[in-house]
Amino acid sequence: MSAGVTKVMSKGSGSWDIYLSKGFLKVYYGAGTVLASGLTVAVVALVPGLGWAVASTMAAILSGILGSEANNGVVFRIRNWKISSTRRQ
């Protein structure tokens with residue numbers, strides 16, 4: 001698995017592929033949990049137009065994906081302002 005990169009690829013109205021690197025995630029990850037409020041603000045700033053609800057959902061999903069430590073980056077596929085899939089980089 002890869003530490004990945006942080007980038008946003010727009011796929012049209014309301015759709016993005018969002019790549020969050022291991023380094024990006026570690027800033028918002030501490031004591032085995034995602035610091036949801038900080039991550040939510042960062043994702044909204046990174047992806048204008050995404051919205052608070054989707055960013056908050058991303059933060060909640062990350063807790064389950066990352067487990068006990070952020071060893072990998074994560075990719076979110078968002079289609080029509082909804083998360084369609086999530087995977088490790």
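Considering Ser84, Ser63, which residue is closer than 15 Å to Trp16 by Cβ and in contact with a strand residue (DSSP E or B) (Cβ under 9 Å, 6 or more places away or on another chain)? If you could, list the steps in order and put the result at the bottom.
On the way: Ser63 fails: closer than 15 Å to Trp16 by Cβ.
Answer to the check: Ser84.
Filtering the range 6-29 to residues that are over 11 Å from the mean Cα position of the chain (by Cα) and either closer than 17 Å to Asn72 by Cβ or of a type in the set (Ser, Thr, Tyr) (or both) leaves Ser10, Ser13, Ser15, Gly23, Lys26, Val27, Tyr29.
For the range 60-82, the tally of residues that are open to solvent by less than 10 Å² (accessible area, probe 1.4 Å) and at pLDDT 85 or above stands at 5.
Of all the listed residues (Ser37, Ser2), the sole one being modelled with pLDDT under 90 and either among the β-branched types (Val, Ile, Thr) or closer than 13 Å to Val74 by Cα (or both) is Ser2.
The values are calculated or read from the model by the stated rules, or taken from the named source; none is laboratory data. Keep in mind that what you see is a predicted model, and the values were worked out from it rather than measured. Quick reminder, even Gly has a Cβ in these numbers, built from the backbone with ideal geometry, and neighbours come from all protein chains shown. Just so you know, the surface numbers come from the protein's heavy atoms only, side chains and all, with ligands and any DNA or RNA stripped out. Shrake-Rupley method; radii C 1.70, N 1.55, O 1.52, S 1.80 Å.
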